[in-house]
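Quick one: this structure, given as structure tokens, is what I'll be asking you about.
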Amino acid sequence: MDMWMALLFLQALLLPSLADGATPALRFVAVGDWGGVPNAPFHTAREMANAKEIARTVQILGADFILSLGDNFYFTGVQDVNDKRFQETFEDVFSDRSLRNVPWYVLAGNHDHLGNVSAQIAYSKISKRWNFPSPFYRLRFKIPRTNVSVAIFMLDTVTLCGNSDDFLSQQPERPRDVKLARTQLSWLKKQLAAAREDYVLVAGHYPVWSIAEHGPTHCLVKQLRPLLATYRVTAYLCGHDHNLQYLQDENGVGYVLSGAGNFMDPSKRHQRKVPNGYLRFHYGAEDSLGGFAYVEISSKEMTVTYIEASGKSLFKTSLPRRARP
């Protein structure tokens, strides 16, 4: 036992130094649909397992931030900025020392919109980790010790497409505020047209493509997919379906679905709604504790590794740096 503890201690000492000497990169965790439950203890076994494995991954591999892909609080969001769910489902769960200074960049999911999204935005002023400046916004990063840049456009796909009732229709039917939806789409078009970064990512809650329970989001296939191709977006990241998927289209756009933070659903009911050859990876084992995506962007490529909450690496793929416009 003493020998085992000594080995673990030695590993802990060695791994950060190995990470420090690694290729300069921007590193982050992408996790969606992690938002616990509305009754005590306000989290699930899967959420706790994901929090523990995210903490371990961050400690060993490092992370500059965590990207939250929506459905942050099940089942009806939060009521106000003082809602106890912020503490019970977020702060108390992702509490490991290795996560204390890692910022979260947040967007809203359909369950968040059943509550008060403005309160989640306002919580940014209360928590030093929680960053949610507006319903849709741009992030920009430089890869350390290089001139290589990364842009991430955070969307509110619920205001873009409408809310979906998981128990009636799996599809959002129409936006509640058509003018606001048009404003967001216009903003995104202008931003993508002007983007000169070496990597351009777009993130939202609803998937463009998915073989699972909700399937492809018709509104995004129609409105967002052409923009991703036209402006040579590197990848689109999302949640909503409660599993892990990677898809890639004929334009080389990667689709990273990471919605396994709290529930797992093995459904493949929409497999025939996704074009042949797009799906490269799917994991929805019901007995699994869920998982997340770990992204590493270097000056040469962007790698995506899907990690199961037990610590197992499930699938790894890479996407090239964009050619300069």
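Which shape class applies to segment 147-267: rounded if a/c is under 1.5, otherwise prolate when a/b exceeds b/c and oblate if not, where a ≥ b ≥ c are the square roots of the Cα gyration tensor eigenvalues?
Values: a/c = 2.04, a/b = 1.27, b/c = 1.61.
Since a/c reaches 1.5 but b/c is at least a/b, the shape of segment 147-267 is classed as oblate.
Please list 126, 297 in order of solvent-accessible area, largest first, computed with a 1.4 Å probe with all protein chains present. Kindly include the intermediate steps, with their values, before the conclusion.
Working: 126 100, 297 0 Å².
Largest accessible area first, the residues go 126, 297.
Rounded to the nearest 5, what % of DSSP beta bridges with both residues in the chain are antiparallel?
Working: 34 of 55 bridges.
Approximately 60 percent, going by the DSSP bridge assignments.
Related question: If you place +1 on the Cβ of every Lys and Arg and -1 on the Cβ of every Asp and Glu, how big does the dipole about the Cα centre of segment 149-226 come out, in debye to the nearest 20?
Values: 9 positive and 8 negative charges, 97 e Å.
Magnitude of the dipole: close to 460 debye.
Next question, about the same structure. With every protein chain present, what is the per residue accessible area of the chain (1.4 Å probe, Å²)?
Working: 14550 Å² over 325 residues.
Value returned for the chain: 45 Å² of accessible area per residue.
Continuing with the same structure: List the cysteines in the chain whose Cβ has no other cysteine Cβ under 4.7 Å from it.
238
Right, next: Taking H as built 1.01 Å from N, whose amide H comes closer than 5 Å to the amide H of residue 254, not counting residues under 5 places away?
It is 235, 236, by chain and number.
Then there's this: Could you look at the chain and say what percent of its accessible area is carbon and sulfur, using a 1.4 Å probe and all protein chains?
Values: 7760 of 14550 Å².
So the carbon and sulfur contribution to the accessible surface is 53 percent.
Got a sec? What order do 213, 197 fall in by accessible area at 1.4 Å, biggest, i.e. largest, first?
Details: 213 50, 197 10 Å².
The ranking, largest first, comes out as 213, 197.
Separate question: Grab the beta carbon distance between residue 91 and residue 250, set R0 = 41 Å, and tell me the FRET efficiency rounded to 0.05.
That gives a FRET efficiency of 0.45.
How big is the Kirkwood radius of the chain, worked out from every pair of different alpha carbons and given in Å to one decimal?
Details: mean 1/r = 0.0505 Å⁻¹.
It is 19.8 Å.
If R0 is 25 Å, what FRET efficiency do you get for residue 101 and residue 140 from their C-beta distance, rounded to 0.05?
Details: r = 20 Å, r/R0 = 0.81.
Computed FRET efficiency for residue 101 and residue 140 comes out at 0.80.
Also: Mind ranking 107-116, 187-196, 224-233, 65-74 by how tightly packed they are, going by the mean number of other C-beta atoms within 10 angstrom, highest first?
Details: 107-116: 23.5, 187-196: 14.6, 224-233: 17.7, 65-74: 26.9.
The densest-packed peptide leads the list: 65-74, 107-116, 224-233, 187-196.
The values are calculated or read from the model by the stated rules, or taken from the named source; none is laboratory data. All figures in this text were calculated on a predicted structure; none of them were measured in a lab. For neighbour counting, all protein chains shown are included, and Cβ atoms are generated from backbone atoms with ideal geometry for every residue, glycine included. Ligands, DNA and RNA are excluded from the accessible area calculation, which covers all protein heavy atoms including side chains. Shrake-Rupley method; radii C 1.70, N 1.55, O 1.52, S 1.80 Å.
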